[in-house]
Amino acid sequence: MTHVATEIASQPDCWRRATELEPAGLPATGERVAVVGCGTSLYIAQAYAVLREGSGQGETDAFAASEYPAARRYDRLVAITRSGTTTEVLDALARARAAGLATTALTGDLDTPVTGAADTVVDLSFADEKSVVQTRFATTALVLLRSSLGLTPADLPEQAALAAAEDLPAAALAAGQITFLGTGWTIGLANEAALKLREAAGAWTESYPAMEYRHGPISISAPGRLVWIFGQAPDGLLEQIAATGATAVLSDLDPLADLVRAQRLAVALAEAQGLDPDQPRNLTRSIVLAQPTGA
């Protein structure tokens, strides 16, 4: 079994452990917060930002770490970084500190530069991974952040276990193209699902806010292609998908548990092509950029 398959299957236990944590340094109610990450961590940041602001906890924006606007006023910067070494994340934390912001980092490895770059570090090393492809670290971080907002269903680990065990949709395994859609916080999940399939299997996947799908992207839907929706579909959307001949996939599971199914799909598609989902082409565990000459 690949590392990533083992890590996907371990998520129920990781999520259960995350719901029991009460770490220091998470945003307080009323703080204006920026959340940064790269790749998968960015999409988790997007989901959390919508959840936090939508629950009335305070204004919350998500940015790719390289695009963090240090001149904008925030009370706290939260950085999500599995490796603790990503150059753009460390740079964002340094800029935030220079501006006088409180900084918090969620990481899977305490023996890295991020422990000195952030004021508070949340230890998620129990969810760290051997695979280059991120799965359980990212979802565990989001479970922790959702729990801090009081938005985690009590049975979420059990839902994850169901998602890890049930058969994948046959239409998804056979699809020539998959579009992932979300609304609100699940837009981040849709982005992450599409990234997983691109990383592990080199698949043709796209992701959009569900209402935006009708404004152009629907033109690629056709028989043999699939539209995967996280959460509820907006009124009329299923009928419009059906009219294209594409197949729509939805789940009654919590959208984060449904992401587990998409992770499994990425592995299945990779293995069907003889690819190693633990070692995607052109990717490494962390992006560490060389310092400019003379720096």
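Read-outs: derived from the displayed coordinates by stated rules, not from any lab. These numbers were taken from a predicted model, which means no experiment stands behind them. Glycine also receives a Cβ, built like all others from the backbone with ideal geometry; neighbour counts cover every protein chain displayed.
When all alpha carbon pairs of the stretch 27-126 are counted in 10 Å bins from zero, the resulting P(r) reads 18, 54, 26, 1 %. With each label modelled as a point 7 angstrom along the Cα→C-beta vector, the LEU162-GLN279 pair spans 3.8 nm. For the stretch 137-295, the Kirkwood hydrodynamic radius from C-alpha pairs, put into Stokes-Einstein at 37 °C and a viscosity of 0.692 mPa s, yields a diffusion coefficient of 196 µm² per second. Radius of gyration over Kirkwood radius for the chain, both on Cα atoms: the Rg/Rh ratio is 0.97.
Shown is the FRET efficiency for ASP235 and ALA171, computed with R0 = 22 Å from the Cβ-Cβ distance and rounded to the nearest 0.05: 0.45.
Size check on the stretch 127-213: the Cα extents along the three principal axes, sorted descending, read 38, 33, 24 Å.
Based on the Kirkwood approach, the hydrodynamic radius assigned to the stretch 1-80 is 14.1 Å, with every pair of different Cα atoms included. One decimal place: the segment GLU59-ARG17 gains 12.3 nm when fully extended, by the rule 0.36 nm per residue minus the C-alpha distance. In the chain, the DSSP-assigned H stretches of four residues or longer account for a calculated mean residue ellipticity at 222 nm of -12000 deg cm²/dmol, using -39500 (n - 2.57) per stretch and the full residue count as denominator.
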